[in-house]
Amino acid sequence: MLVRIRPGAQLSGAEREFVACLQSYPTTGLAMIHVEADNRRIDAAVWTPRGLTVLEVHGFLRRQSGVLSTPIEGPWKISDAVVALDAEGSGSPSDRVEHGIYAVKHTLQRALQDPGHICGAVVLVPFRGAVVRPARTNLRPGLDVVVGNVADATELRIYLEGFSAGPRSWTADRVIGACDALGLADLAPSRAELLDSGFEEKMPEPTKTIDRQAKPRIEPTPGVPTKQQTYTGWAVVAVAILGMVIVLGVIATALAHDTAQPAPAGDVGTTSPTPSPTPYRPTTCWPFQPNC
């Protein structure tokens, strides 16, 4: 990675460690250290072919190891101890990096340069041998906290190689224009150096999509049934046949049941002759005759 330090810049120990990390990366990019933008000092502005990020670099006042927590409200901590950073000035590190993002964006816009989407990160550089985890955490979309030093620089390299998922939109000429807008024209690498480091000469053409013509809609011929109508008709016929088979099966089952269980013989009705009533014969009764 190409690294350029503003003349007269007084780097802290953490910033010198950070610069050593950048110089060791075989990554396509340009890092400008101690940038002045909109009357604000920016620790580092890093261009890669995919984007621009603004970095705020901080070291530690004493050796601290443990689990890093970065709440939105309240101080940052490492294993329940407040993080002792060498921060100067007012405001939290996340606020300062957001102000730096705005300053760079505003400066580029005033120079009629398209800044695109600018990311930002707070880079924490612990003492060598101290382990701070997680080595990367997200504060909010586009704003991260990355831990790294020369002995443990993997996560910082991963961030710089992939902080922007956009297309390769920063060409060599666009980087030179942005450096000129930030007052870094004399410090910026030449166009040939940027091309040799891996920046594109011009933006790659967008991937073309093949336009496929819609299939013409076939209108139904009058009097000729469509496929849907044909399928519907066959479905109705199949349901009717299935219903007939079910009815015939029920009838056959009923007949077989009646044949297998005949009525018992005692239940067969027998007829017997009904006796004729005794013919009526009138009796002659006399006065005072009993039983008459």
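The values are calculated or read from the model by the stated rules, or taken from the named source; none is laboratory data. Because the structure is a prediction, the values reported are computed rather than measured. For neighbour counting, all protein chains shown are included, and Cβ atoms are generated from backbone atoms with ideal geometry for every residue, glycine included.
Key figures for this structure:
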item	result
Qualifying residue in the range 39-52 (condition: part of a helix (DSSP H, G or I) and closer than 27 Å to R128 by Cβ)	no
Count - residues of the range 23-41 that are in contact (Cβ under 8 Å) with a residue 60 or more places away in the chain and surrounded by 15 or more Cβ atoms within 10 Å (Cβ to Cβ)	10
Filter result for A44 (under 21 Å from Q109 (Cα atoms) and surrounded by 13 or more Cβ atoms within 10 Å (Cβ to Cβ))	yes
Residue check for V46: at pLDDT 95 or above and touching a strand residue (DSSP E or B) at 6+ places or on another chain (Cβ under 7 Å)	yes
Residue in the range 53-87 that is farthest from the chain's Cα centre (by Cα), counting only those that are assigned to a loop (DSSP other than H, G, I, E, B) and closer than 30 Å to A188 by Cβ	D86
Helices (runs of 4 or more DSSP H) within the range 92-202 that include 1 or more residues β-branched (V, I, T), in contact with a Lys or Arg (Cβ under 8 Å, 6 or more places away or on another chain) and touching a residue at least 40 places away in the same chain (Cβ under 8 Å)	none
Matching residues, the range 55-75, being under 28 Å from E36 (Cβ atoms), of a type outside the set (S, T, N, Q) and touching a residue at least 60 places away in the same chain (Cβ under 8 Å)	L55, E56, V57, H58, G59, F60
